[in-house]
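This report refers to the structure that appears directly beneath it.
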Amino acid sequence: MIVFNEVAKKFPLGNYALNEVSFEIDKNEFVFLVGPSGAGKTSIIKLILREILPSSGTVTVAGDEISSPSFNKISELRQKIGVVFQDFKILSDKNIFENIAITCQIQGINKSETKSKVLKTLSLVNLKNKENLFPVQLSAGELQRVAIARAIVGEKKYIVADEPTGNLDPKTSWEIMKIFKKIEGDKTIIIATHNSDIVNSLKKRVITLKEGRIVKDNKKGGYDL
Ligand SMILES: Nc1ncnc2c1ncn2[C@@H]1O[C@H](COP(=O)(O)OP(=O)(O)OP(=O)(O)O)[C@@H](O)[C@H]1O
Ligand SMILES: [Mg+2]
């Protein structure tokens, strides 16, 4: 479970990225974060990853108050959360297998188990038999599926994605969404997006932000700014 309680994030120049933001996301819930540019979507994702700390209020992930200055289990937190970025962030000098295996290595999973987990995950994201290719040999949609594989391998229970379809055409965006749909129910999934077609079609929970505040939070919402 993820809980934001009265979270504000103020920057030194006095501008607020977030203000009075409170919500709860249940285990295995699927949530879209939407809102105009500058609304605070990325700030919420950074707070969940503890890349930034709130100016006031608390952020709790899986029972740990990660916003506390004394929170010292940052590596454990990051091991629970898989992250998917708009620009994929795949390492170009490593092949596809190695890119995904990194997650398992960080978690201390042994070589043979890593191999079976990576191959199983590649097949889940429809990239069977691509493990020996290098990133330059893949399309953008395929690279984003590698990024999702890297985010979900090794039993991560939370997936946060910041505009995962931002660089993709509509058809490829839908292929990416189908992968997220496949893992739905098994992980908590939080996706920040400007993709109104996808949000409107999936009818999932939608948290809508405007100027740092939640203006709507609908269980079966749409893209309605
Ligand atoms: N380091 C920073 N210093 C000052 N202001 C910041 C900083 N980071 C973010 N902000 C401000 O906080 C607000 C929210 O930014 P955020 O990146 O969370 O928006 P967003 O909803 O992700 O936008 P987009 O859709 O463009 O990605 C913006 O007004 C931004 O300028
Ligand atoms: Mg953003």
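Observations
- The Cα trace of region 138-225 gives Rg and Dmax of 13.3, 39 Å, the first to one decimal, the second as a whole number.
- Shape call, region 102-147: gyration tensor on alpha carbons, a/c limit 1.5: prolate
- Charge dipole magnitude, Cβ of K and R +1, D and E -1 - region 30-104, Cα centre, debye nearest 20: 80 debye
- Taking only the alpha carbons of region 67-175, we obtain Rg and Dmax values of 14.3, 45 Å in that order.
- When only the Cβ of Lys, Arg, Asp and Glu is charged (+1, +1, -1, -1), the dipole of the chain relative to its Cα centre reaches about 460 debye.
- Within the chain, percent of DSSP bridges classed antiparallel, to nearest 5: 50 percent
- FRET efficiency, 1/(1 + (r/R0)^6) with R0 45 Å, evaluated for Glu6 and Asn132 via beta carbons: 0.35
- The chain: radius of gyration and largest Cα-Cα distance (Dmax), Å: 17.4, 52
- Measuring r between the beta carbons of Asp26 and Arg78 and using R0 = 25 Å, the FRET efficiency lands at 0.70.
We did not get these values from a lab; they are worked out from the coordinates using the rules stated. This one's a predicted model, so the numbers in the text were calculated from it and none came from an experiment. Neighbour counts run over all protein chains shown; Cβ positions are idealised from the backbone, glycine included.
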